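The values are calculated or read from the model by the stated rules, or taken from the named source; none is laboratory data. Computed from a prediction, not measured in an experiment: that's the story for all the values here. Neighbour counts run over all protein chains shown; Cβ positions are idealised from the backbone, glycine included. To get the accessible areas, we keep the full protein, side chains included, count just its heavy atoms, and leave off ligands, DNA and RNA. Shrake-Rupley method; radii C 1.70, N 1.55, O 1.52, S 1.80 Å.
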Amino acid sequence: MITPAFELTQDPDFLTIIIKVPYARASEFDVYFEGEDFKFYAKPYFLRQLTLPGRIVEDGREKASYNTDKGTFTIRLPKEIPGQYFEGLDMLTSLLAPKKSRSAKPLVEEIAASGELEEDEEEEFDWEIEQTPYKESAETTQPLQYCYGFGNLRSGVFQRLQDELSDVIDIKDPDQTPVDERRRKRLAAEAAKFEPDHYLADFFEDEAIQHVLKYKPWWVDAHKKMIALQGESHQEHDAHTFVVFSEEEREQLRKFTNKSYLLDKRSRHHVYLGLIDILLAYCYEICVNEGDKNVESSWNIRKLSATLCWLESFTSIHDVLVSFGRRVLCYPLHRHFGLVTRAFSDTVMILQLGKAAVLKCLLDIHKIFRENDPAYILNDLFVTDYCIWIQKTKSKKLAALSESLQKTTLTKSHIGFELEELEAAAVLVQEEESMLKAAGTVSKQQLPSSESETSDSEESSSTSSSETEGSDSDERESSTSEDGKINSLQGTLREERTAPLIVCNGLRQGTNTSTAEVSDEKSKVSLQSTSVPGKLVEELEKQMHTAIRLSEQPEGLATASCVLQEQEENRVSEPDRFSKDTTRKGNFLEVSSKTNPLLFLCSTNEDE
């Protein structure tokens, strides 16, 4: 048999049940209802047991109809007490539970303690857990495995699936790690992860953050409607008026297996505080992504919730808020304290809307984890149990929880990262930079100061020009002395040139003396000019070449070629002498090669 899809609505006098049975035989169906029980059968669909939150009666006003186009049965049943409000009509998993199993009381209990249990249910719920001092115990008495998960009912899960769960949670080997040690490791990891530069960047450049803070999720409008209706009628209204479940969400509720949870007082505290922690992370995710889901949605929720990521068991609402605030400023992309306060206010609104709104959020988280590998394991540890448990929770408990959460305060000093000091220091640095920029702008606009700077620059330029003129005069003096030496060298060359130079072989012996003197004179000039700049050396070389003139020997190219041959021989012998002198005195003069002017003189003689 197939359990059909169904939904329930109500008005002051009637309860309406809509059952979807496509492809069923409309001529063959059975309906049974009495008191709080309702059953329906239309082959192949069978609604075995529907336990209603209030009593209905058969008095002739009941009515049933079938829509062949949609394949739906609509059954209207009168309430036994007209005007009675049926709570929890959206909690489909709870409605499908058999009546005998709706109680979570143990099968064996003390009779004397029953009265105390009833009083405990009615008294005001204290959200602060009593703390007991830590006591050292022997290793033999410590449990081999520590519990975690919803209501701390699980153990040994991570020991079997350590490889898969290493990417889901931050704590290593949780089965052997007690709760106090988990908390110490978590705080140390958060302190190491906090980056002041990232926080200050988001603090000063918050355009993107201010944009996402303007986003309004569905619960904002639902909360406004609820406040408006309560202000007008001062009565409690059906959650279906403000919270609407999609068909996919209803289908998921029908798939859940109904359970009963045996939780003591301490475990119930952990469950309620863990619910706040998970809702805070979910509200942050919805705000920063503006309601859209992406590949980071699963990571954001489980990373910001210490309940999911570190298997934390909180002891107070303030501890939950501090943990969430620290993780927001350490892990996600947007690290701004405004996002912490926004998630805080959104969680208060969701709790005030009642368990229908809480269930809708939990179903969305369940879907996000279900579509992510390996985060789906967190559904088995926490979210699925929360979806089933919240349907049986009393609305008064959630109202008390939202009121306590609203009264709790969270400031930047509670986070523990010295945020106020960081912001004050950054503001001072910005003010100093702006003052320096302003002072620079004012100094540029002051004319007297600019004129004085101009005069100073003129004085410095005149001083530098005078120094340049002095250096130029020194260079001229040194060049004059060198010119004198060159003139003496030219006179020597002219005296040697008076000897006959027509026959080269006959004059070889006579010219050796002159070439030796010329080479000696060259060496002297080169050694003296090692301290002269490179330009002067090149000028000397040009003058030495131009000193050899053949104007007195116009006979032809024989004389020029002879002199050229002798000069080339002297050049061959000169590098050896230069290298000896330089090795002896530690200096070396390298004369750049230039075009021989004798070639041009010879060509001129031919033309003449």
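A Förster radius of 56 Å combined with the Cβ-Cβ distance from residue 333 to residue 61 puts the calculated FRET efficiency at roughly 0.45.
A simple spin-label model places the labels of residue 74 and residue 18 0.8 nm from each other, with each point 7 Å out along Cα-to-Cβ. Evaluated at q = 0.12, 0.14 Å⁻¹, a Debye calculation over the C-alpha positions of the range 299-405 (equal weights, vacuum) places log10 I(q)/I(0) at -0.43, -0.60. Here the relative contact order of the range 196-415, from alpha carbon pairs under 8 Å that lie six or more residues apart, stands at 27 percent. Rolling a 1.4 Å probe across the protein heavy atoms gives the range 196-415 an accessible surface of 39 Å² per residue. For the pair the range 169-222 / the range 8-45, the C-alpha centres are spaced 48 Å from each other. Only protein atoms count toward the accessible area here, which uses a 1.4 Å probe; on the range 302-454, the carbon and sulfur part of that area reaches 57 percent. With the simple model of a label 7 Å out from the Cα in the direction of the Cβ, residue 191 to residue 159 spans 3.2 nm.
Length available on full extension from residue 254 to residue 421: 0.36 nm per residue minus the Cα-Cα distance, which gives 54.9 nm. Taking 0.692 mPa s as the viscosity and 37 °C as the temperature, the Stokes-Einstein diffusion coefficient of the range 196-415 based on its alpha-carbon Kirkwood radius rounds to 183 µm²/s. Here the range 196-415 is assigned +1 on the Cβ of each Lys and Arg and -1 on the Cβ of each Asp and Glu. Its dipole about the Cα centre then comes out at about 860 debye.
Each of residue 261 and residue 2 was given a label point 7 Å from its Cα along the Cα-to-Cβ line. The distance between the two points is 3.3 nm. What the range 5-86 shows is 54 Å² of accessible area per residue, with the surface traced by a 1.4 Å probe over protein heavy atoms. Students often get this wrong, so check it: of 43/360; 293/407; 193/437; 367/392; 360/407; 172/394, which have C-alpha atoms separated by over 27 Å? Correct reply: 43/360; 293/407; 193/437; 172/394.
Comparing 54, 6, 38 along the charge dipole axis of the range 5-86, the residue lying farthest to the positive side is 6, per the Cβ-charge model. Here the extension length gained between residue 43 and residue 246 equals 70.5 nm, from 0.36 nm per residue of separation less the Cα-Cα distance.
Length gained on full extension, residue 27 to residue 441: 139.9 nm, using 0.36 nm per residue less the C-alpha separation. For the peptides 299-312, 246-259, 6-19, residues were scored by their other Cβ atoms within 10 Å and the scores averaged per peptide; the highest-first order is 299-312, 6-19, 246-259. Projected onto planes of every orientation and averaged, the convex hull of the alpha-carbon atoms in the range 5-86 covers 5.0 nm². A Förster radius of 56 Å, combined with the Cβ-Cβ distance separating residue 434 from residue 167, puts the computed FRET efficiency at roughly 0.75.
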